[in-house]
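Novice: Take this structure, written in structure tokens, and hold onto it; I'll ask about it next.
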Amino acid sequence: MGKEIIFSENAPAAIGPYSQAVRANGTLYVSGQIALELATGGDVQAEARKVMENIGHILQAAGLDYSHIVKASIFLKNMDDFAAINEVYGSFFTSEPPARETVQVARLPRDVNVEISVIAVE
């Protein structure tokens, strides 16, 4: 199995020992993205939009777009933000949205409100 590391200068660099994304056998695994620029800003919709834009930059670096996403995982600091996140997230998938789960977690890196990871296929 060959693997290719994908990196976009338009998305935040990894804050630990991991890659922004890895392509293996026609599948792209995008690491959890956060809105570093907006950390602890409090505006969950602005954070979600920036996270989705960061994901878009990484997809673009791999020659893909949002339509290639087949699975998303959303991690929320507060499940009360579910509707607000859905509004932003849904605007990136106007038809045939990917499979997904959304869970509340105790804490996220840099104390952000939302983290999203995705899997895309070519």
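Any read-out appearing in this document is the output of simple, stated calculations on the displayed coordinates, not a laboratory observation. Predicted model only: the values in this text are computed from it and were never measured. For neighbour counting, all protein chains shown are included, and Cβ atoms are generated from backbone atoms with ideal geometry for every residue, glycine included.
Novice: Quick one: compute the contact order of the chain, relative version, from alpha carbon pairs under 8 angstrom and 6+ residues apart, as a percent. Could you put the intermediate results ahead of the total?
Specialist: Working: 224 pairs, mean separation 41.9, N = 122.
Over the chain, the number comes to 34 percent.
Novice: Cut-off 10 angstrom, C-alpha nodes, Gaussian network model of the chain. Which of Gly26, Gly63, Gly16 fluctuates the most?
Specialist: The residue that fluctuates most here is Gly16.
Novice: About its Cα centre, what dipole magnitude does the chain give when the only charges are +1 on Lys and Arg Cβ and -1 on Asp and Glu Cβ, stated in debye to the nearest 20? Write out the running numbers ahead of the final one.
Specialist: On the way: 9 positive and 15 negative charges, 66 e Å.
For the chain, the charge dipole is close to 320 debye.
Novice: Sticking with this structure for a sec: Among DSSP beta bridges lying fully in the range 3-121, give the percent that are antiparallel, nearest 5. Don't jump to the answer; show the numbers that get you there.
Specialist: On the way: 20 of 26 bridges.
Bridges in the range 3-121 are about 75 percent antiparallel.
Novice: Moving on. Measure of size requested: the Rg and Dmax of the chain, with Cα atoms as the atom set and Å as the unit; please supply both.
Specialist: Over the chain's Cα set, Rg and Dmax evaluate to 13.6, 42 Å.
Novice: Kindly express, to the nearest 10 degrees and within the range 0 to 90, the angle between helix 44-61's C-alpha long axis and the longest C-alpha principal axis of the chain.
Specialist: The answer is roughly 10 degrees.
Novice: Where the convex hull is taken over the Cα atoms of the range 71-110, what is its projected area averaged over directions, in nm²?
Specialist: Numbers: hull surface 12.6 nm².
Average of the hull's projected areas for the range 71-110 equals 3.1 nm².
Novice: How large is the helix-only mean residue ellipticity at 222 nm for the chain, computed as the sum of -39500 (n - 2.57) over DSSP H runs with n ≥ 4, divided by its residue count, in deg cm²/dmol to the nearest 500?
Specialist: Working: 2 runs with 27 residues, N = 122.
Counting only the DSSP helices, I get -7000 deg cm²/dmol.
Novice: Taking the alpha-carbon centroid of each part, what is the distance from the range 74-122 to the range 1-57 in angstrom?
Specialist: Cα centroid to Cα centroid, the span is 13 Å.
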